[in-house]
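Only one structure is covered here, and it is reproduced in the block below.
The values are calculated or read from the model by the stated rules, or taken from the named source; none is laboratory data. Small disclaimer: the values here were computed from a predicted structure and weren't measured. Here the Cβ is made from the backbone with ideal geometry for all residues, glycine too, and neighbour counts use every protein chain on show.
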């Protein structure tokens, strides 16, 4: 175990492989490959590159304009910025996800990676190779998850608003019930229940702070026609000093 753990991973440089070996390796790990000779402008694309986009192999011009023309207009500026940063050595690598136009006019998502094999004496690119890989299924899955998340968020927001409305209605109902329990329906003044709740507190307060306490209570009886027939008024005064 100790010896095995000291084994370093195999490292290699793509520029060490000949053209056939390089293309073979790229074909094994991608859906389509491209090989750009920047000095001549010629771009080789393997049959898998064309087939991924629904074209007959080698049916398009072997130049960089073919690549530019299939990039979705909304993705073009972003992709070119990433590409230029790598060509001008402002970025350590080139990798981009964007949409490519297929032969039938629809678009498919691809992942594009590239590697500079050689540069000219002035630092400009002499040769660069890259690979395209379809990520359409991954993007569709991601978009479906986004739609579901948005749908769930909308449901949660609606339920939250509904619960808020119900809570407000309950608060209003509780307040109305409290008023009904503590006030007389006919006169809207405090009833005996309110008195029984408030009187002990007021008595305690009066004793605590040695404040005088006055109590005035009125008991009203009504007939079936809701007119006052009798009234008994009594006044109690107690002073705490």
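Observations, loosely collected:
- Members of the range 48-61 found to be over 39 Å from the mean Cα position of the chain (by Cα) and surrounded by fewer than 16 Cβ atoms within 10 Å (Cβ to Cβ), listed by number: 56, 57, 58, 59, 61
A quick yes/no check of all residues on (1) surrounded by fewer than 18 Cβ atoms within 10 Å (Cβ to Cβ); (2) closer than 24 Å to residue 122 by Cβ; (3) at pLDDT 95 or above; (4) in contact with a helix residue (DSSP H, G or I) (Cβ under 6 Å, 6 or more places away or on another chain):
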| site | (1), (2), (3), (4) |
| --- | --- |
| 8 | yes, no, no, no |
| 27 | yes, no, no, no |
| 32 | no, no, no, yes |
| 45 | no, no, no, no |
| 69 | yes, no, yes, no |
| 76 | yes, no, yes, no |
| 79 | no, no, yes, no |
| 85 | yes, yes, yes, no |
| 101 | yes, no, yes, yes |
